[in-house]
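Encoded as structure tokens, here's the structure I'll be asking about.
What follows is calculated from the coordinates using simple rules that are stated; it is not laboratory data. A quick note: this is a predicted structure, and the numbers were derived from the prediction, not measured. Neighbour counts run over all protein chains shown; Cβ positions are idealised from the backbone, glycine included.
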Amino acid sequence: MKSKILRVNMDELTVEFENVPEDYKNLGGRALTSQIVADEVSPKAHPLGPNNKLIFAPGIVTGTNSPNSGRISAGGKSPLTGGIKESNAGTPFAKTLAQKGIKALVIEGEPKKDKFYILKLGKDGEQFVEADDYVGKGLYKAYEDLHEEFGEGIEITGVGIAAELRAANAGISYTDPEGMSSRYSGRGGLGAVMASKGLKFIVVEEPEENMIEIKDKETFDKGRKKLANALMEHDVTKKDGALNTYGTSVLVNIINESGGLPQRNFSEGSDDRSDMVSGERKAEEIKKRGGVRPHKCSPSCIIQCSEIWTKEDGSDPVGVLEYESVWSLGPNCGIYDLDIIGELNRACNDLGLDTIEAGNTIAVAMEGGLLDFGDGEGALKLMDEIYNKTPLGRILANGAEFTGRAFGVDRVPTVKGQSMPAYDPRPIKGIGVTYATTPMGADHTAGYAIAPEIMGVGGEADPFDTKKGELSKNLQRATAAIDSAGYCLFIAFAIMDIDEGMEGVVDTVNGVLGTDYSIEDVMDFGKEGLKVEREFNEKAGFSKEDDRLPEFMKEEKLPPHNVVFDVPDEEIDSVWED
Amino acid sequence: MKVDVVLYGKLRERAESFDDTTGSIGSVKMNIEEESSIADVMARLDILENEVSHIFLNREYSAVERKVEDGDRLALFPRDMALLYKWYFTRKK
């Protein structure tokens, strides 16, 4: 195997290439980051201390020309949840790292001096460069300056001002195809872990030689074509389909209509004003302004759900405004203005904050009386507090739960310290079981996937039915498998409905690894990976009592359906039965 | 009896009173006969079943056979807005 593990020691500022151990050879992405964390990090380690580690791993197929394969996993012990974390992103950085032959990047230790460094992985070797000039700088400008300092043909990952504060909502940013800071492993505060290691940026130069090995080219090529066909055939993923036309924000009006789009800190499930920030509106505005839509987040993407949002006059590109970000910074704060949401999203990308957590934090601060729901200008001023590193800014940068405590709020929508995404679990109970049980803390992507039919689960489920353990379990296993393969989760729609697509995924994985896995084997990877994560959390002190939604969701009825979250605890716990 | 029909995306153009400058959702108030189904309402608007992805009757994910009652809200999404986690939603008949 040509690929190596690159171990970066921040005590000594040294790097070392290691051969990939036999046990890790067929792992990638999330399975690999979680396995390394489980093997090398004490579950009792302080997330910001010298004994935590930060791992980056491209997926198994990442860097190949298989469609939608440009994903990377970042992993470590989370400062936000105190448990294991894998946070996944689509970015050209993933491809470049994979083609450089780096199967995993392990960052460990912490520098003796209180200093920040840039790690350059260049064509002619690895070097550390002092990053003093970049401290306190927003990431949009920092990435421009890094391109100037290191030249073109580079991809970047880095952390911003929020991470300099070692705040629990600091994400890890990556370059988008335009070189801007708009792609994120946002969730779980891994940016603070990177900063605690004294590492500000990693700059990777395009390698001269592509180091990716495809052991069985014929099987791989067959699979790649099958997957591409399925993606281009399916209504959700094809050209001019929902994702391509409107992006993920197509869900704003749909989930609002279903009564599950949380408004004003999860106090209602629908509001007609949500249409003001819908995917349809946004697509029209982008066209008017001269932004870009559709757009790809990474080179191999053929779905192209991304976009480039700009100011009204077409200037100052932000990058994509995802459904989750639009919701958290918008309706969840009672804000129904795309320009305000765009500027809040820009501030998050610039400061290095996870948008979902940031929006929930503002909503909780609104609930706590710091400002009124709907006060967009006020919300933007809160971002300035973080830029200025004020005590209030430090509170806000630590996320919704911390802010809830600071302001005495008893309605805080978190599980294991991480706040919920854009689906209220009261009228959509299946997602609630996933929020409750995933080792990641409340996370929609953890159980938002794939072919229930293939795994013997019914293709349709009543959102109000409380029998959701089996469904969530199978979705979580399948998702873990996709996150490890290195595919974008959105392939799930196509491979769920079109058998050829699922075969394509398995063929490409087998092609790269030279294995003979079946569909069931690939799903078993997901199951095993989840077990590793769950065990880490148990050793860190979590029990099934932590697999619960906040009290208010069990007692407070959500209009318009006027339902509470009533899935029994035993049903939730069944996710972890075999 | 009366129903409110809410038309999303490209379907909004079927609403006669739709004003592009004020909204992205078309809305129609219709008088329909007793015992009408969602399919009947769609036929009145010249909307074919294969043009529609998601249907919500009173915010419940629904099938076209479902009967409509006085005062109901019926929402229709076009085919190019198909994006639901279908395993979280079943069509109420």
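Counting just the Cα atoms, what span does chain A cover along each of its three principal axes? Round to the nearest Å and put the largest first.
58, 54, 51
Apply the Karplus curve 6.51 cos²θ - 1.76 cosθ + 1.60, θ = phi - 60°, to the phi angles in the range A:253-260 and return the couplings in whole Hz, x for Gly and Pro.
5, 5, 5, 4, 5, 6, x, x
Would you grab the residues whose amide H sits under 5 Å from the one on residue A:182? Only those 5+ places off in sequence or on another chain, please, with H modelled 1.01 Å from N.
Those lying under 5 Å, H to H, from residue A:182 are A:174, A:176.
Follow-up question, since we're still on this one. Determine the percent antiparallel among the DSSP beta bridges restricted to chain A, to the nearest 5. Don't jump to the answer; show the numbers that get you there.
Numbers: 45 of 56 bridges.
If we restrict to bridges inside chain A, about 80 percent are antiparallel.
Could you give me the percent of Cα pairs per 10 Å distance bin for the range A:16-55, shortest bin first, beginning at zero and ending with the bin that holds the maximum distance?
27, 50, 23, 0
First select every other residue whose beta carbon is under 12 angstrom from the beta carbon of residue A:222; then total the charges, Lys and Arg +1, Asp and Glu -1. Please list the in-between numbers first.
Values: positive: A:217, A:224, A:225, A:226; negative: A:216, A:218, A:221, A:500, A:503, A:507.
Once all neighbours under 12 Å are counted, the net charge is -2.
Here is a follow-up. Under unit Cβ charges (Lys, Arg +1; Asp, Glu -1), what dipole magnitude, rounded to 20 debye, does chain A have relative to its Cα centre?
780
Pairwise over distinct Cα atoms, reciprocal of the mean inverse distance: report the Kirkwood radius of the range A:4-205 in Å, one decimal place.
Values: mean 1/r = 0.0612 Å⁻¹.
Computed over Cα pairs of the range A:4-205, the Kirkwood hydrodynamic radius comes out at 16.3 Å.
Only loop residues by DSSP count here, and only those with at most 11 other Cβ atoms within 10 Å; note down the GluC sites (Glu not before Pro) in the range A:471-578 that meet that. Present the calculation step by step, with values, prior to reporting the outcome.
On the way: sites: A:500, A:503, A:520, A:528, A:533, A:535, A:538, A:545, A:551, A:555, A:556, A:570, A:571, A:577; in loops: A:556, A:577.
Sites meeting the loop and neighbour criteria: A:577.
How much net charge surrounds residue A:206 when only the other residues with a Cβ under 12 Å from the Cβ of residue A:206 are counted, with Lys and Arg +1 and Asp and Glu -1? Don't jump to the answer; show the numbers that get you there.
Values: positive: A:95, A:100, A:123; negative: A:152, A:155, A:205, A:208, A:209.
So the surrounding residues net to -2.
Excluding residue A:541 itself, what net charge comes from residues whose Cβ is under 14 Å from its Cβ, given Lys and Arg +1 and Asp and Glu -1? Each step should come with its number before you reach the end.
On the way: positive: A:44, A:77, A:416, A:534, A:539, A:544; negative: A:535, A:538, A:545, A:546, A:547.
Around residue A:541, the surrounding residues sum to +1.
Structure shown: which of A:141/A:287; A:112/A:381; A:239/A:531; A:389/A:557 lie over 28 Å apart, alpha-carbon to alpha-carbon?
A:112/A:381; A:239/A:531; A:389/A:557
Based on the alpha-carbon gyration tensor of the range A:263-412, what equivalent-ellipsoid semi-axes (square roots of 5 times the eigenvalues) come out, in whole Å, largest first? Can you show the working numbers first?
Details: eigenvalues 145, 56, 36 Å².
Result for the range A:263-412: semi-axes of 27, 17, 13 Å.
Could I ask something else about it? When the C-alpha atoms of the range A:369-412 are aligned to their principal axes, what extent does each axis show, in angstrom, from largest down?
Between the extreme Cα coordinates on each principal axis of the range A:369-412 lie 27, 22, 12 Å.
Which percent, nearest 5, of DSSP beta bridges in the range A:4-205 are antiparallel?
75
If you consider only alpha-carbon coordinates, what radius of gyration and Dmax does the range B:2-81 have, in Å?
Rg and Dmax of the range B:2-81, Cα atoms, are 11.6, 36 Å.
Once R0 is set to 22 Å, what does the formula 1/(1 + (r/R0)^6) return for the Cβ-Cβ distance between residue B:73 and residue B:10, expressed as a FRET efficiency to the nearest 0.05?
Values: r = 20 Å, r/R0 = 0.91.
Efficiency at R0 = 22 Å is approximately 0.65.
Read phi for every residue in the range A:122-128 and hand back ³J(HN,Hα) as whole Hz from Karplus 6.51 cos²θ - 1.76 cosθ + 1.60, θ = phi - 60°, with x for Gly and Pro.
Each residue's phi maps through the Karplus curve to give x, 4, 9, x, 10, 8, 9 Hz.
Per DSSP helix of 4 or more residues, -39500 (n - 2.57); summed, then divided by the residues of chain A. What does that give at 222 nm, rounded to the nearest 500?
The helix contribution divided over chain A gives -11500 deg cm²/dmol.
Expected output is a single nm value to one decimal: the length gained when fully extending between residue A:381 and residue A:273, i.e. 0.36 nm times separation in residues minus the C-alpha distance. What is it?
Length gained between residue A:381 and residue A:273: 36.6 nm.
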